[in-house]
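The values are calculated or read from the model by the stated rules, or taken from the named source; none is laboratory data. Please read these numbers as outputs of a predicted model, since none were measured by experiment. Methodologically, a virtual Cβ is constructed for each residue, glycine included, from the backbone with ideal geometry; neighbour enumeration extends over all protein chains shown. The area values use the complete protein model at the heavy-atom level, side chains included, leaving out ligands, DNA and RNA. Shrake-Rupley method; radii C 1.70, N 1.55, O 1.52, S 1.80 Å.
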Amino acid sequence: MKKQLLTIAMALSIVPATAQEKVSFLFTYFTGNAPEQEQICYALSDDGYNYTLLNQGLPVIKSDSIAYTQCVRDPHILRAEDGKTFYMVVTDMKSNLGWASNRGIVLMKSTDLIHWTHSAINFPTKYPKLWKNVTRVWAPETIYDHKTGKYMVFYSLLTNDGKCNYDKIFYSYVNKDFTDLEGEPVYMFDSGSATIDGDIVYNDADQLYHLFYKSEAHGGIFQATAKQLTAEPGKPNGSQWTKIDGHVEVCKKAVEGVGVCKSLDGKSWVVMYDCYGAGHYQFCKSADLKTFEWVADTKTHGQFTPRHGTIMPITQEEKDRLIAKWGAGKNPILPDFHADPEVLYSNLTKKYYIYSTTDGTPGWGGYDFNVFSCEADAKNPGKDLCNPASWKDEGKMLNVKGDQVAWANGNAWAPCIIERKQKDGYKYYFYFSAHNPKSNRKEIGCAVSDSPTGPFVDCGHPVITDADRPADAKGGQAIDVDVFYDHATKKYYLYWGNGFMAGAELNDDMTSIKQETKVNLTPQGGTLKDYAYREGAYVFKRKGTYYFLWSVDDTGADNYHVAYGTSKSPLGPITVAEEPIVIQQDPSQEIYGTAHNSVLQIPGKDEWYIVYHRINPNFRERQLSPGTHRQVCIDRMTFDKSGKIVEIRPTP
């Protein structure tokens, strides 16, 4: 129960789906043991290995609105016999109160997978005579009993009064409205020791119910079968089940949280379980629920860390409805080739914007910048960020080759922007790198506008040249600029440098720096495997800590990735994180060169995203110039309780 599930899908048809044909899996799960993680989340998968988070991984149902403890775990979802009603049951539990702290479950019902009715069942209150001393009611699931024509909910019970001195599986029937349990809990099964995480499926081939469960004493997943869910009249409860010898899992690792589901084509079964000590899920295929064949081990980390949940096949219509409600974008989010993305939320327009280097040109020879916009949903402002269809191309907003920037003649690279509210309204200061033919060097300029989409007017001169670097900053170029406003000091800061990281306070004109404040911030040490500084500095602040992110290795390398450190000051010194990697390549998904990032905080929320570029895998070979064929992507960024950035797994 404590850890859990992913799944695997089998054959997918290439013909158009019929109205009732199942095309994807809906995964319902929670993410961890903190109260903010004991919430119901959704993800979708067409192949069973790769999941797209709905609602950017945020809860789709808030626990404080449905549960006594204001936390829930172990969601199990079931399609009703009518094909159009859905039932979900969850453990009503806040785990930081202890593993023997929950007293009930929550029953939920929906007809669209979006809007759910709910009823919280507290066992000591409902059963004050026999179950007032219950200490846990774990991992409920629902199944249709063909014999009675009713829905049954089964769960593990434990008490502290000797009535049930180790976890045993009990069941109750549910009323017609799926709002309450009928009668007293009835004993169903146990293995002679703590028996948890029960999962039951009916197999038409052998006309048997198959119960999969975890035995705490024997340390694995086992199976029992029965012709019917309840005991024959006159026979003791539990006698209907026949235990089957041997483990279900095909490994020697610690496992729990078993889940069994038909494949999308209905021709085989998938059995999945959590190898929680090894940090991955294991998937097996079975044709008969007697023998199990290993298929894959899938690691989960970063923002997708599902715990004990379940999957359910859904139709195209149902999938489309969920995406329309919560969004399910796929990377890259911008069309064509773009790189070095800078993301901005505008308080003026209530929209998000991404500014980028125009890529796909030999020798990084692009000379203009594009801007893309995305509406911020009023009720759920982060909903559409990860959906490529939500980003609108606002066109070219600055050309450094023509008359717009008189001092430059090309190489429009790596921009940044900041919104500043002044007496005469909002102003947008757009900083960029370009080639100055007079110095024959890359230098940093600034253009200003009243609108995030322009028109922008160049300030007429470079803001940063090679002469502005700190005295001890050697090599490299004046490129990869970043701008940051610190609410604590009420000052603006500029950061730049390839081969070094420089920082300085901006003057109030925003187009020059205070020379006496400039400092060499370059993180020292590291290797190309972890945090050796190359370029692309980015600074943000969260809960009083200044986070410095930078890119490691060459922009055309598979290994190009983001590392970070922290500081107590906007001008350092920087302490490199113990686990410094923020995001890196994932060859298993053909994702390479994940770096040169910016960061977005959803206004008013502790909700964060990283926007970065990565190499188009079709141009990965060196002779195809991977470093000029990059695409912009976005993923959720999370932090642990101590404020450390949780390494992000890039999503396809």
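The helix-only estimate of mean residue ellipticity at 222 nm for the chain, built from DSSP H runs of length n ≥ 4 each weighted as -39500 (n - 2.57), is -500 deg cm²/dmol after division by the residue total. Packing-based ranking of 491-498, 388-395 yields 491-498, 388-395, ordered from highest to lowest mean Cβ neighbour count within 10 Å.
Using θ = phi - 60° in the Karplus curve 6.51 cos²θ - 1.76 cosθ + 1.60, the 3J(HN,Hα) couplings for the range 525-530 round to x, x, 10, 5, 7, 10 Hz; x is entered for Gly and Pro. Pairwise Cα separations in the range 552-652 fall into 5 Å bins from 0 onward with the following percentages, short to long: 3, 13, 21, 22, 18, 12, 7, 4, 1, 0. Looking at the range 265-383, the pairs of alpha carbons with a distance over 21 Å make up 65% of the total. A 1.4 Å probe run over the chain, with the rest of the protein chains in place, finds 40 Å² accessible per residue.
Each 5 Å bin from zero holds the following percent of Cα-Cα pairs in the range 408-493: 3, 13, 21, 23, 18, 12, 7, 2, 0.
Spread over its residues, the convex hull of the C-alpha atoms of the range 93-246 is 143 Å³ per residue.
For the range 401-441, applying the loop criterion from DSSP together with a ceiling of 15 other beta carbons within 10 Å to the trypsin sites (Lys or Arg not before Pro) yields K423, K438.
Full extension of the chain between A254 and E36 yields a length gain of 75.8 nm, computed as 0.36 nm times the residue separation minus the alpha carbon distance. Here the chain is treated as an ellipsoid with the same Cα gyration tensor; its semi-axes, largest first and in whole Å, are 54, 24, 22.
With 0.36 nm allotted per residue and the present C-alpha distance subtracted, the T242-Q422 stretch has 57.2 nm of extension available.
Using θ = phi - 60° in the Karplus curve 6.51 cos²θ - 1.76 cosθ + 1.60, the 3J(HN,Hα) couplings for the range 438-450 round to 5, 8, 6, 9, 7, 9, 10, x, 9, 10, 10, 8, 8 Hz; x is entered for Gly and Pro.
A protection proxy built from the mean count of other Cβ atoms within 10 Å ranks the segments 72-81, 110-119, most packed first, as 72-81, 110-119. Residues whose amide H falls under 5 Å from that of K168, counting only those 5 or more places apart or on a different chain, are L157, T195, with hydrogens built in the peptide plane. In straight-distance terms, cross-link reach from K379 covers every one of the lysines whose alpha-carbon lies under 16 Å from its own, apart from those fewer than eight places away in the same chain; here that gives K62, K325, K350, K351, K605. Taking the C-alpha atoms only, the angle from helix 316-326 to the longest principal axis of the chain is near 50 degrees.
The equivalent ellipsoid that matches the C-alpha gyration tensor of the range 113-189 spans semi-axes of 22, 15, 12 angstrom, in descending order.
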